[in-house]
Amino acid sequence: MSPVHLSRIETGIRTVLDFNDAFNRHDIPGMMKLMSKDCVFENTSPAPDGTRYSGKEEITRFWEQFFRASPQAHIEIEDAFGLGFHCLMRWKYEWVDSAGAKGHVRGVDVFKFKEGLICEKLSYVKG
């Protein structure tokens, strides 16, 4: 594998780790600075296909609503690896509902990169 290819993979994984750190701080500007202007995000809900959001403005609005509804949202990365212009991240998403009960789901995000930024984030959940 060429050094350029390895560098691209390492940069992608680093970007995903930085995105997840910003997510866990609920730092929407920090998350969005890592996404391209024409980014696409597919949420896991509603089943079976989720909802598709396009562009920074629409995705920003989604995250604002999401963190208002889930103020204790946290993602623990279980594994992450890169493949060309893609990175896969296996995760455990944890929350506390309005009654104080803890919950979690596990899933996978498939990221795609363009010019060093996330241009696609497709989320999938178990069960």
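Tabulated data
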| item | result |
| --- | --- |
| Degrees, to the nearest 10: 3-25 long Cα axis against longest axis of the chain | 20 degrees |
| Kirkwood Rh in Å, taken over segment 43-114 so that all alpha-carbon pairs contribute | 13.9 Å |
| The chain, helix-only ellipticity at 222 nm - DSSP H runs n ≥ 4, -39,500 (n - 2.57), divided by all residues, nearest 500 | -10500 deg cm²/dmol |
| Two-site FRET efficiency, Glu115 against Asp27, from Cβ-Cβ distance with R₀ of 22 Å, rounded to 0.05 | 0.50 |
| Proximal lysines relative to Lys56, as straight alpha-carbon distance under 22 Å, when same-chain residues fewer than 8 apart are discounted | Lys33, Lys37, Lys112, Lys114, Lys121 |
| Probe 1.4 Å, accessible area per residue of the chain, Å² | 59 Å² |
| Of every Cα-Cα pair in the chain, the percent that sits beyond 22 Å | 33 percent |
| Charge dipole magnitude, Cβ of K and R +1, D and E -1 - segment 1-119, Cα centre, debye nearest 20 | 120 debye |
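The values are calculated or read from the model by the stated rules, or taken from the named source; none is laboratory data. Just so it is clear, the model here is predicted, and its values are computed rather than measured. Using ideal geometry, Cβ is built from the backbone for each residue, glycine included, and neighbour counts are taken over all protein chains shown. Please note that ligands, DNA and RNA were not included when accessible areas were found on the heavy atoms of the full protein model with its side chains. Shrake-Rupley method; radii C 1.70, N 1.55, O 1.52, S 1.80 Å.
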